[in-house]
Structure formats: structure tokens, C-alpha cells
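The values are calculated or read from the model by the stated rules, or taken from the named source; none is laboratory data. Source: prediction; values computed, not measured. Glycine gets a Cβ as well: all are built from the backbone with ideal geometry, and neighbour counts include every protein chain shown. Just the protein is used for accessible areas: all its heavy atoms, side chains included, with ligands, DNA and RNA removed. Shrake-Rupley method; radii C 1.70, N 1.55, O 1.52, S 1.80 Å.
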Amino acid sequence: MKQQSRTLRLLVALLGTLALVATACGPTGPTGGGTAAPDEKPVAGGRLIEGSFSDIKTMNPMLVADVPSSTVTGKIYDTLFSADPKNGELKPNLGKWTISSDSLTYNWEIDPKANWSDGKPVTGEDYLTALKLVALSKLTVRKSNFQDIEGWKDFVDAKATTISGVKVDSTDPKKFSVKFAKVFCPALVNAFGSSAGPMPTHVFGKYTAAGQADAIDKAPENTAPTVASGPYVFKEWRKGDQVILTKNASYFKGAPLIDEYVYKIVADATVLAAQLKTGELNYGTVEPKDLADMEAQQNLKVFKYQALSYTYIGWNVKSTTAPALQDKRVRQALAYGLDMDAVVKSILFGQGTKMVAHHPPASWAAPGAGLNQYPYDKAKAEDLLKTAGYTKGADGVYAKEGKPIEFSIVANSGNKTRETLLQVATEQYKAIGVKVNPKLEAFETMVDKLTTGNQEIQGWIIGWSLGLEPDPYGIWHSTQIPNPAAKTTGFNFGAFTNADFDKAIETGRSGNCSQAERKKNYETFNKILNEEQPYMFGFSPNTLLVTPQNLRAIDPGTFSATWNLEKWWFKQ
Amino acid sequence: MRTYVIRRLLYAIPTLVAIATITFLITRLAPGDPIRLFTFGATDLTREDIEALRAAHGLDKSLPEQFALYIVNAAQLKFGNSILYHKDAMSLVLERLPNTLTLAVTALVLQLVIGVPLGVLAAVNRGKWIDNAVRFFGVIGHAVPAFWFGLMLIIIFSVTLRWLPSQGVLTVGKDVWDIGDRLKHLIMPAFVLALAGIANYSRYLRTETLDVIRQDYIRTAEAKGLASKTVFMVHALRNALIPVVTALGGVLAFLISGALVIEQVFTWPGVGQFTYAAARQKDYPVITAGVMLGGMLLVLSYLIRDIAYAVVDPRIKVK
């Protein structure tokens with residue numbers, strides 16, 4: 001079935017591309033910039049139709065665990081803070097906050113104008129309701145985000161009727177404070193972010209009453225929200241086809257100018273690109289292969305900005321079957337021996353950035369300078385292999401004590417970008433005397449093997465999508481190394497460990513929580529990664545967002561595309 | 001007849017148990033763990049979060065325990081909560097059933113409305129160009145892969161001519177009850193789904209009609225001086241239609257399962273598309289609910305076929 005679908009999608013892509021090539025003949029269109037001219041006056045009306053490939057799953061923020069659901073739910077339930085679209089710095093939104101000097105207490109004040117769409121005010125009690133819902137749900141995966149709040153466990157264990165660490169001001173219901181039992185820098189994003197957006201007590205309060213364990217999981221409001229704090233209100237979910245939202249006239253930042261937002265499901269990237277051209281969709285991201293075609297359309301404009309993700313080749317640094325990967329010099333040689341700039345040019349049509357450490361340059365946590373860029377240098381790569389004690393054999397492959405540098409790299413089949421990267425890596429590593437055995441496997445098989453620490457894996461290609469919170473603990477800390485013997489899973493697939501590295505990660509999440517101090521820790525963290533090369537860090541792709549030329553006020557960035565959605569308007 | 005129906009329904013139980021067992025084994029033994037897949041990349045989650053989710057879906061139990069629980073629940077048509085949607089799996093699948101039935105029934109109607117007259121036309125004009133054309137169409141209709149034919153129609157009627165929409169069931173902004181818009185969306189997928197059936201029925205009807213019009217009773221009817229139209233409509237066509245009717249029940253089940261591919265091509269939000277997406281994500285409850293619903297429809301459609309067979313041909317007695 002799966003194979004059939006891949007063939008089918010490939011055919012759709014091929015035929016669609018042919019059709020598009022045949023019809024694309026317009027002059028080069030302008031790109032970027034949604035700013036209105038000084039003499040333009042915003043006009044209300046119109047419909048924003050966003051194209052995507054899969055349906056939403058839920059509209060309850062605490063149950064959301066996928067991008068489509070998050071896209072739609074984020075327009076209905078606003079969050080306490082927002083992120084600067086360009087650098088990810090946190091800014092007041094529905095609320096503003098201060099943190100106590102011991103970094104344990106967060107004091108919040110919700111905007112006086114912030115109301116639910118039915119006119120009731122958004123209050124501190126609504127935040128407490130959100131927390132209670134998470135605690136009572138059996139299906140949410142967000143419980144650990146709140147585990148350090150005082151009284152959390154007692155409420156989860158039904159030993160208390162409320163969460164003692166959350167105090168709503170008795171004189172001003174818009175004010176509340178949250179006390180944590182220990183310092184945890186990601187708390188701001190994790191405990192006050194999208195999974196903990198205030199939830200309307202007058203709607204969801206009934207699911208938090210005593211004896212209501214997991215009632216929230218079956219709540220009809222999860223799929224049909226009745227009120228909104230965000231710019232749009234839920235109207236209709238045509239399952240598998242469309243989700244329709246209408247503007248929230250009482251939105252605290254002002255009623256949106258665009259009347260309706262529609263989330264529309266289409267078959268694949270080719271159909272999405274075609275429908276952007278015909279105007280059936282007027283908002284969507286396209287693949288690099290479609291960029292030239294999109295730019296050729298006079299009625300469209302393309303916004304290009306770095307995505308908060310990267311695709312990499314990982315190395316199992318503890319592999320006993322590929323011992324060469326244990327040697328830092330070999331891994332550095334592999335970084336020098338693969339021309340990633342050329343890969344970005346050929347696979348992403350230039351729409352990406354070479355990565356040499358974990359945090360993408362757009363993140364505030366990325367080190368400004370001082371990283372080895374590992375420029376493509378075959379001679380240097382071979383020198384490093386020689387320094388590591390390897391000599392080139394008659395077959396052109398470096399070997400030590402009769403054992404050649406040979407290992408497998410696996411990528412998930414069906415992902416054309418990764419398949420091509422695998423092909424290029426195999427060829428280019430051969431040129432520096434390293435033998436790669438390329439393998440393709442189903443994504444689910446790879447996930448199983450990687451997360452359980454299956455030692456069959458020597459090298460692998462996969463990607464990370466990062467969030468607003470730069471804490472790399474879940475991916476890189478030594479406690480996250482999967483252990484097959486103990487049957488524990490984790491995301492540090494390559495088993496990379498280093499004492500200074502662990503310390504930098506720990507201090508970055510539990511030390512001084514100021515951004516400047518955390519940045520220093522992440523600089524240490526990234527420099528160790530840059531030196532040790534447990535990954536060939538690959539590339540971070542650009543997001544290619546396409547909208548009509550006449551969409552005004554849009555100003556997307558890496559950390560948010562829709563941060564000022566209520567101000568968008570269509571010039572008539 | 002009632003005893004027959006009850007007996008057939010009882011016979012269906014072991015069939016459904018077998019389908020449930022095979023589905024369980026295929027989903028559980030195939031590589032890929034649904035919880036690991038669902039939580040992959042969620043780096044802010046702890047192992048406790050992940051294990052709690054596994055427990056909530058009963059996936060922390062041993063395989064035999066899971067199977068026993070699954071069979072007991074399946075007998076009550078309970079398949080658990082979808083891992084992705086956090087809702088009862090069968091209700092999610094049933095929400096999509098009307099779309100699939102709309103597609104399948106329309107395709108069935110198209111098969112009969114186009115296929116039957118074509119077959120009769122070919123038989124009546126045996127050896128002439130119409131006959132050759134229908135026979136040629138019969139071969140092509142079978143040989144062309146449905147997904148390829150669907151893509152061709154999209155390129156011609158959606159991309160090039162822009163006459164018909166290529167995706168979904170309704171144009172954005174149209175009312176749910178806009179029948180005209182729904183029909184525009186329905187035409188291509190229904191026709192593609194019907195294609196093989198149209199070819200089938202035209203061939204069946206041609207063969208059966210040719211066979212029937214050579215029978216003695218037709219000659220007798222003609223000898224009695226009945227109008228040739230009456231002879232054909234009352235005596236010949238009725239008998240020629242028997243195999244068509246018998247095939248109907250099975251065809252409906254075939255159409256529902258065949259809709260899977262068509263639903264992918266046209267992004268038609270039906271059971272097939274939904275179950276397929278669930279299979280990719282290892283959403284066990286939805287996969288089993290989708291497959292079991294398909295199994296139940298299959299059993300039901302065969303039952304309808306057998307009853308229809310008895311009704312159409314009184315010589316056939318239900319034993």
C-alpha cells in the first residue's frame with residue numbers, strides 16, 4: 001500500500017510538474033515585502049485560504065501534538081507571550097510577566113482588554129483551568145511541562161482540589177502568580193506557551209470538577225471550540241477537507257481585517273503549488289523545486305526565511321561495528337569531505353544554509369562566531385584520515401590494521417531530499433577514500449531503530465525541527481542516549497557524551513535564566529559539537545511562503561509567520 | 001428467508017473474527033511503534049510522558065493481553081481512542097463513511113447507467129463498429145490503472161481546461177448543501193472509480209444478451225407475434241440482467257475498497273483516505289476500525305447480493 005502511494009505521489013509530482021512547466025511562462029514577479037504603501041488604507045474583507053497536506057486532529061491546545069492542529073488552534077486560543085518573528089525573543093502578548101529574583105515565581109498580568117469572544121474576560125483562573133485540564137487528561141503528552149509547579153503532583157494524584165503553586169489575585173482576577181519548586185529556564189516557554197494558553201473556565205471548568213478524571217479527553221469542545229481568545233473563532237470543521245474560522249470581532253488587539261480563515265487540505269506539494277497559482281489557495285509554503293515557477297507568477301509573491309530545522313547525517317560515535325566513527329578526526333574528515341554548499345545549491349536550489357552546529361543561525365542561542373565552517377576540502381579530509389592512522393589501500397579506501405573505513409548510512413525511503421543527500425554523500429566520501437554502504441528504510445523502521453539504540457545503525461540521515469525554547473537537553477544530554485539493555489529510549493541516537501557538554505546543557509536550563517547567560521552556555525555547547533562533529537550537521541532549509549501580491553501587512557519570520565495576522569488585509 | 005438471513009449473519013461471525021485477528025497481527029507485527037512515531041522529535045517530553053501515553057492506549061500490556069482485550073472490545077464494536085485524534089476510532093471512521101458511500105454509490109450508478117446500455121448496444125449490433133468499439137473499451141477500461149486515469153483527467157479537466165475541481169468535496173466558501181458544487185467535485189472521482197465496472201458490465205451484458213437471444217423462449221415469444229421491443233425488454237433483458245444483479249453486492253464492497261486509491265488522488269475525505277493516513281502513522285485503533293468496517297460492509301453486501309439473486313430469479317430457491 002505504502003509503495004503504491006509513493007509511486008502514485010511520484011507520478012502526481014512528475015505529471016503535475018510537466019503540466020506546470022508547460023504553463024509557466026510569465027515574467028519574473030517581485031518577491032518579499034508585504035508592507036503597504038504610505039497612501040494605502042487597509043480594507044476589511046476577504047478570505048485567507050491556507051493549503052496543507054493533512055487534516056487537523058484536535059482544537060484543544062493541550063492535546064495538540066502536530067503542526068496542522070497547532071496552526072489552526074493557535075488562531076483560536078492566543079498565548080500569554082508571543083515570539084519575535086525574526087529572533088524568537090519572547091514578548092508580552094495576552095499577558096506580561098515578571099520573574100522573581102530567585103527565578104522561582106512568575107507573576108503575570110493579563111491584558112485588561114483581553115476577553116473571550118463571548119465577552120467574558122480572560123483571567124488568571126483561566127490559566128489555572130488550562131493546567132487542571134492537562135493534569136486530568138490521560139491523552140495529553142504535556143504533563144512534564146508543569147511537573148515543577150508547586151502542588152502539581154498533589155493535584156495529579158487527586159490529593160488536592162487545586163494546584164497550590166498557582167495563585168490568582170483575589171482583588172484583581174487578571175493577575176496571577178505561578179511558583180516553581182526549582183529553577184528551570186525552559187519553564188517560561190514550556191509552562192506558559194501554547195499548551196498552557198488560558199482556557200475558558202466558563203466552558204471547560206465543568207471538566208475540572210472532582211471525579212471528572214479524563215472527561216476532558218472526550219469533551220466536544222475539543223473539536224468544536226465555542227469561544228476564542230485569538231483573532232479567529234471556530235465556525236466549521238469539514239473533516240478531511242476544510243476547517244473554517246471567522247474573525248473574532250472582540251479580539252483584544254483589534255478585530256482582524258480579513259473576514260475568514262480557511263485551512264484547506266490538498267493532496268501534495270504539486271497540487272498546492274498549482275492551486276496557489278490559480279488562486280484557489282492564497283497562503284502556503286512550497287518546495288524549492290517550485291520556487292522559480294512561483295516567482296514567475298505576477299500575481300504571487302514569495303517570502304523566504306530560514307526554517308527552525310535542519311537535516312543532518314548522524315554518526316554512531318560508540319559503534320563497535322564501525323569503529324572509525326569513534327575517532328573525532330575521522331568525523332572531522334567527513335565534515336570536510338562533503339560539499340554541503342553544493343548540496344544546498346543542487347537539492348534545495350540554493351534555498352538553505354549550511355549548518356556546523358545545533359542551533360540554526362536565526363536562533364538567539366546560536367553562537368555568533370568562532371565556529372569552524374568546515375569548508376569543502378578533500379585534501380584536508382584525507383590529511384585528517386592519515387593523522388588518525390589510516391593509509392590508503394590499492395582499492396582507494398583508507399584502512400588501519402587491515403580494516404577499511406566502511407560504514408552504512410541509512411535514510412528514510414520516499415524522502416527525495418534525504419535520498420539525494422545519501423547518494424551525494426556516498427559518492428563524495430568515496431572520493432576521499434571512505435566507503436559508504438547506502439541504505440533506505442521505511443521511516444517508522446528508522447524511528448524504531450534510532451530511538452531504541454539499535455546498533456545496526458552506524459550513520460543515518462534525518463532532521464530535527466526545533467522549537468521556540470532552545471534547550472537541547474532532549475536531543476543531546478547523555479541521559480537521552482537510548483539503552484537497549486535497560487529498554488529506555490531517547491533522542492541522543494549517536495551516544496555522544498562529553499562532561500563539559502553535559503554541564504553546559506544543564507547550566508543552560510537550570511542555572512542563571514537570563515538570555516545572555518544561557519547564550520554563553522549554548523556557545524560552549526555548540527563549540528564542543530562543532531569540534532567533535534557527532535553529526536555532519538547538514539543544512540537548514542528556507543521556508544518559502546507564497547501569498548498573493550495584494551496581501552498587505554504580512555511580515556513573516558523564522559519564529560512566526562502569523563504574529564500580526566489581525567492586521568493583514570487584501571488590497572482591492 | 002428469515003432463517004437464511006440469520007444463518008448467513010451467523011456465518012459472518014467467524015469471517016469477522018478472522019479479519020479482526022489478521023488485522024491485529026499485521027498491525028502489531030509490522031515494524032514501527034505508534035507511540036514512538038507519534039512522539040518522535042518532541043524533545044520536551046520526558047520518558048514518563050511517553051510511557052503514560054502508551055499506558056493510556058493499552059500498549060504497555062503484553063501482546064496476548066492486548067489481543068484478548070482487543071477481541072473483547074471489537075465484539076462490542078469498540079476499537080479504542082485514536083492515537084492521533086484522541087477520539088473514538090469507530091466514530092471517526094463513521095464520520096467519513098457518507099463521503100465514501102456517496103462516491104461508491106455514484107460510481108455504481110454510473111456503471112449500470114453506462115455499462116448496461118453499452119453491453120446491450122454491442123450485442124444488438126454484433127459484429128458492427130459499435131460492437132467493436134464497446135469491446136475495445138471493455139479491454140481498455142480494465143487495463144488502465146485507476147490512479148493514472150484519475151491524474152490524466154485532473155490534468156485535462158482541472159489544470160488545462162479548468163472545468164472541474166480536482167480536490168476535495170466542496171469549494172471553499174460554498175454551503176454544505178450546495179448540491180451543484182458537490183456534483184462538480186464528484187464527477188471525476190466517481191467516473192474513475194466506475195471505469196473498470198463500466199467495462200465489466202458492458203462485457204457481461206454483451207455476452208449474456210447474445211446468449212439469451214438465442215434461447216428457445218425468445219424464439220417462441222417472437223413466434224407468438226410479440227413486438228420485438230417487448231420480447232427484448234421483458235424476456236431477453238430481464239434474464240440477461242441476472243448475473244449483473246448477482247455481481248452488484250460484491251461490486252459495492254469492491255467499490256468501497258477501491259475508493260482508497262481514488263480518494264488519495266482526489267483528496268476525497270472518505271474512509272479509505274482516512275484509514276490509509278492512519279496506517280502510515282500506525283494509528284492502530286483507526287486502522288482496525290477502518291478494516292473492520294470494510295469487512296462488515298463486505299459481508300453485508302454479499303448477503304444483499306444473495307437475497308437479490310433469489311428475488312430476481314424465482315427459480316432460485318433459498319435453502
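Each residue in region A:259-274 was checked for being more than 24 Å from the chain's Cα centre (by Cα), surrounded by fewer than 22 Cβ atoms within 10 Å (Cβ to Cβ) and not in a strand (DSSP E or B), and 1 pass. Taking the numbered list (1) open to solvent by less than 30 Å² (accessible area, probe 1.4 Å); (2) more than 14 Å from chain B (Cβ to nearest Cβ); (3) not β-branched (V, I, T) in turn, A:F234 passes all entries but (1). Looking only at residues of region A:124-154 that are among the small types (G, A, S) and more than 22 Å from B:P34 (Cα to Cα), we find that the one that is farthest from the chain's Cα centre (by Cα) is A:G151.
Which members of region B:58-99 meet the condition of being aromatic (F, W, Y) and within 11 Å of chain A (Cβ to nearest Cβ)?
B:Y85 - this is the single residue of region B:58-99 that is aromatic (F, W, Y) and within 11 Å of chain A (Cβ to nearest Cβ).
Within region A:191-226, the set of residues being of a type outside the set (S, T, N, Q), surrounded by fewer than 21 Cβ atoms within 10 Å (Cβ to Cβ) and more than 14 Å from chain B (Cβ to nearest Cβ) comprises A:H202, A:V203, A:G205, A:K206, A:A209, A:A210, A:G211. Kindly indicate whether any position in region A:557-569 is crowded, with 22+ Cβ neighbours inside 10 Å and either assigned to a strand (DSSP E or B) or touching a Cys at 6+ places or on another chain (Cβ under 6 Å) (or both). Looking for residues that are crowded, with 22+ Cβ neighbours inside 10 Å and either assigned to a strand (DSSP E or B) or touching a Cys at 6+ places or on another chain (Cβ under 6 Å) (or both), one finds at least one in region A:557-569, hence yes. State whether the residues of region A:528-546 include one that is surrounded by 18 or more Cβ atoms within 10 Å (Cβ to Cβ), within 22 Å of the chain's Cα centre (by Cα) and part of a loop (DSSP other than H, G, I, E, B). Checking region A:528-546: at least one residue is surrounded by 18 or more Cβ atoms within 10 Å (Cβ to Cβ), within 22 Å of the chain's Cα centre (by Cα) and part of a loop (DSSP other than H, G, I, E, B). Screening region A:398-517 for helices (runs of 4 or more DSSP H) wholly inside it with 2 or more residues that are farther than 30 Å from A:V344 by Cα returns the ranges A:499-510. Considering the conditions (1) in contact with a Phe, Trp or Tyr (Cβ under 6 Å, 6 or more places away or on another chain); (2) within 30 Å of B:S82 (Cα to Cα); (3) surrounded by fewer than 18 Cβ atoms within 10 Å (Cβ to Cβ), A:I99 is excluded by exactly one of them, (2). Annotation note: of B:A42, B:A74, B:A18, the sole residue that is more than 25 Å from A:F443 (Cβ to Cβ) and open to solvent by less than 30 Å² (accessible area, probe 1.4 Å) is B:A74.
Here region A:422-443 is the region considered, the condition is being touching a helix residue (DSSP H, G or I) at 6+ places or on another chain (Cβ under 6 Å) and surrounded by 21 or more Cβ atoms within 10 Å (Cβ to Cβ), and the residue that is farthest from the other protein chains (Cβ to nearest Cβ) is A:I432. The residues on offer are B:A42, B:A123, B:A55, and the sole one that is farther than 23 Å from A:V134 by Cβ and not hydroxyl-bearing (S, T, Y) is B:A123. Residue count for region B:22-57, restricted to those that are more than 7 Å from chain A (Cβ to nearest Cβ) and in contact with a strand residue (DSSP E or B) (Cβ under 8 Å, 6 or more places away or on another chain): 1. Among residues of region B:294-313 being part of a helix (DSSP H, G or I) and open to solvent by less than 20 Å² (accessible area, probe 1.4 Å), the one that is farthest from B:V17 (Cα to Cα) is B:A310. Reported count of residues in region B:243-267, each being out of contact with any Pro (no Cβ under 6 Å at 6 or more places or on another chain) and either closer than 30 Å to A:L272 by Cα or open to solvent by less than 20 Å² (accessible area, probe 1.4 Å) (or both), is 15.
Just one of the listed residues (A:L529, A:L468) is within 28 Å of A:A83 (Cβ to Cβ), more than 14 Å from chain B (Cβ to nearest Cβ) and among the aliphatic types (A, V, I, L, M), namely A:L529. Just so you know, in region A:472-522 the residues that are among the charged types (D, E, K, R) and within 14 Å of chain B (Cβ to nearest Cβ) include one that is most open to solvent (accessible area, probe 1.4 Å), and it is A:K487.
Tallying residues that are surrounded by 22 or more Cβ atoms within 10 Å (Cβ to Cβ) and touching a Gly at 6+ places or on another chain (Cβ under 9 Å) within region A:246-257 yields 2.
Number of residues in region A:453-468 that are closer than 30 Å to A:A191 by Cβ, open to solvent by 30 Å² or more (accessible area, probe 1.4 Å) and of a type outside the set (G, A, S) equals 2. Which of the helices (runs of 4 or more DSSP H) contained wholly in region B:77-188 include at least 3 residues that are open to solvent by less than 10 Å² (accessible area, probe 1.4 Å)? Here the list reads B:89-124, B:129-143. Annotation note: Cβ proximity below 7 Å between a residue of region A:392-416 that is open to solvent by less than 30 Å² (accessible area, probe 1.4 Å) and a residue that is of a type in the set (S, T, Y) and in a strand (DSSP E or B) (sequence gap 6+ or interchain) occurs for A:Y398/A:T391; A:A399/A:T391; A:I405/A:Y398. Among all positions in region B:23-35, there is at least one residue which is surrounded by fewer than 19 Cβ atoms within 10 Å (Cβ to Cβ), in contact with a Lys or Arg (Cβ under 6 Å, 6 or more places away or on another chain) and closer than 21 Å to A:E441 by Cβ. Residue count for region A:241-268, restricted to those that are in contact with a helix residue (DSSP H, G or I) (Cβ under 9 Å, 6 or more places away or on another chain), more than 8 Å from chain B (Cβ to nearest Cβ) and not acidic (D, E): 13. In a residue-by-residue description of region B:4-15, the property of being loosely packed, with under 14 Cβ neighbours inside 10 Å, of a type in the set (D, E, K, R) and either away from chain A (no Cβ under 14 Å) or outside any helix (DSSP H, G or I) (or both) applies to at least one position.
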